[in-house]
Amino acid sequence: MAIKYEPVVTQSVADQISEQIRESITDGTLKVDDKLPTEEELARQFSVSRPTIREALKRLAAKSLIRSRRGPSGGTFVTAPSAEEMAEDLKTSVALMVTLGVFELSEIAEARHELELVCVRLAVERRTDAELDRMAAEIQLQKDETLIDEEFCASDVRFHRALVDATRSPVLQFQMFTVIEALQPVENMVIFHFRDRKTVIKQHEKILRAIRAEDLVAAEKSINEQMNYRRKTFAQAQEWRHKRDEKKAATI
């Protein structure tokens, strides 16, 4: 497929080239499995050197937008990143934003509360025995008093992952990957000093019991109970951090 590209003459040439090709992919001009022109042909179209083209293609490959294939029928082809790859990239970005303080814990808790309510409503209607069994297995594991905090947190993540999977909604599963896989571990390690494991386990049991019984009212109530408990522990953690920071500042 012959595509006309405008030459670029400013700085970050490789970035501009990769962006132009990316736009051709996202707007549908280039489709999955379409073959790109050779490096030589692209260099001629963009009026740049082949090393510059090579660098631009590396950036597209890093985003899983193109792939290379050797042999007589080889070349560089448009590809589609998998949902898992995109979710993993999003997870990394969100975790970084939390670390840098772009998102406050209270903001995370509020958004998660609403999203979990949507998930539990669908889970009540669509759950299968497989998700119920996964949730039950995590509850049983959480009752092991020898679990260290990191292991309990990991089990908590898996419990909510099973709940999200029970929605049978690929869009929600993708959105909640960020919350469950990226934000929840951060949340857990902040609040684990202030939460009571037995309370969390009882809340999980209520959630599972309601979903198993297809009781929407009880399911919503149980999610509200756990999310409100998490918000309360967030507030306690933030207050503790604030006092700690004030104490440190006073000693300087």
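The values are calculated or read from the model by the stated rules, or taken from the named source; none is laboratory data. Since the model is a prediction, treat every value here as computed from it, not as a measurement. Neighbour counts run over all protein chains shown; Cβ positions are idealised from the backbone, glycine included.
For every residue, the table says whether it meets (1) outside the structural domain of Arg231 (by TED's automatic domain parsing); (2) part of a helix (DSSP H, G or I); (3) at pLDDT 80 or above; (4) surrounded by 17 or more Cβ atoms within 10 Å (Cβ to Cβ).
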residue	(1), (2), (3), (4)
Val8	yes, no, no, yes
Ala56	yes, yes, yes, yes
Glu88	no, yes, no, no
Thr92	no, yes, no, no
Met97	no, yes, no, no
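For region 188-227, residues that are of a type outside the set (Gly, Ala, Ser), over 16 Å from Asp156 (Cα atoms) and part of a helix (DSSP H, G or I) total 8. Restricting the first member to region 29-40 and to residues that are surrounded by 14 or more Cβ atoms within 10 Å (Cβ to Cβ), and the second to residues that are not in a loop (DSSP other than H, G, I, E, B), the beta-carbon pairs closer than 6 Å and six or more apart or on different chains are Leu30/Ser24; Leu30/Val78; Asp34/Val78; Lys35/Gly75; Lys35/Phe77; Leu36/Thr76; Glu39/Arg50; Glu39/Ile53.
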